Amino acid sequence: MLRRRTSRRASWRLAFVLHDMFAVPFDEIAPMLDRSPAAARQLASRARRRVTGVGPVAEADLARQRRVVDAYLAAARNWDFEALVRLLHPEVVLHADRAAGPTSEPVVLHGARQVARGAPAAGTRARFSQPALVNGAVGVVMAPRGQLFVVLAFAIVDDLITAIDVVADPERLRSVELAVLNP
């Protein structure tokens, strides 16, 4: 109903503002726009890209990001501390939400060596992990037995990981935009 009265751009804005500013779940936004929750999530994502001025990532950049993420996964799976440190910017910051554990509080780690110390702890999980597009950039999806469990979103600059956002909270996982990466 609302969709007929509002322009497409207004739908994008409404989905974005309700979700990002007021934390309204996409399940509640969708009926307002006469859309599915997935479509509402996509509308918000489009608006977010427009607001931040970030467009689709170029294929060459995705290939570069993929090489870095593949190297990160290999180092984590092999518990190769030095390889991890080489992939991380010296001032890298890792944010893990409450659900990511090991504590019930969010975790923030600073610096390549500290972040690298924590990566092999997820080495067991890494065997269930695959690179994927996470909010338009190359990231990692952990899905043991096909159930989405954790998503790692990376910020990569000059082939170094500058930030890692570890998302395990079910509400946050629902708001992550995921897509299959081309091989």
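Just so you know, all these numbers are worked out from the coordinates, no wet-lab data involved. Model, not experiment: these values are computed from the prediction. All Cβ positions, even for glycine, are placed from backbone atoms using ideal geometry, and neighbour counts span all protein chains on display.
For the pair Phe81 and Arg174, how long in nm is the line joining their label points, each one 7 Å along Cα→Cβ? Using points 7 Å along Cα→Cβ, the separation is 4.1 nm.
Summing +1 for each Lys or Arg and -1 for each Asp or Glu among the other residues whose beta-carbon sits under 13 angstrom from that of Arg125 gives +3.
So, R0 is 35 Å and r is the distance between the beta-carbons of Arg145 and Glu91; what FRET efficiency does that work out to, to 0.05?
The calculated FRET efficiency here is 0.45.
In order along segment 80-96, the phi-based Karplus estimate (6.51 cos²θ - 1.76 cosθ + 1.60, θ = phi - 60°) of 3J(HN,Hα) comes to 8, 4, 5, 5, 4, 4, 5, 7, 9, 5, x, 10, 4, 10, 10, 10, 10 Hz; Gly and Pro are listed as x.
Based on the alpha-carbon gyration tensor of segment 59-179 and its eigenvalue square roots a ≥ b ≥ c, which shape applies: rounded if a/c is under 1.5, prolate if not and a/b is larger than b/c, or oblate?
rounded
Order these by the 10 Å Cβ neighbour count, fewest first: Leu88, Leu152, Leu33. Please report the intermediate quantities before stating the final value.
Values: Leu88 24, Leu152 28, Leu33 21.
Result, fewest neighbours first: Leu33, Leu88, Leu152.
Listed values for segment 152-163 are Karplus-derived 3J(HN,Hα) couplings in whole Hz (6.51 cos²θ - 1.76 cosθ + 1.60, θ = phi - 60°), namely 10, 9, 10, 10, 10, 10, 6, 6, 10, 7, 9, 7, and x replaces Gly and Pro.
What does the extension gain come out to for Ala155 and Arg67, with contour length at 0.36 nm per residue minus their alpha carbon separation?
Computed gain between Ala155 and Arg67 is 30.3 nm.
Taking amide H as placed 1.01 Å from N in the peptide plane, Val24 has its amide H under 5 Å from the amide H of His19, each at least 5 places away in sequence or on another chain.
On the beta carbon distance between Arg98 and Asp34, with R0 = 30 Å, the FRET formula returns roughly 0.35.
Among the trypsin sites (Lys or Arg not before Pro) in segment 61-154, those located in a DSSP loop and surrounded by at most 13 other Cβ atoms within 10 Å of their own Cβ are Arg127.
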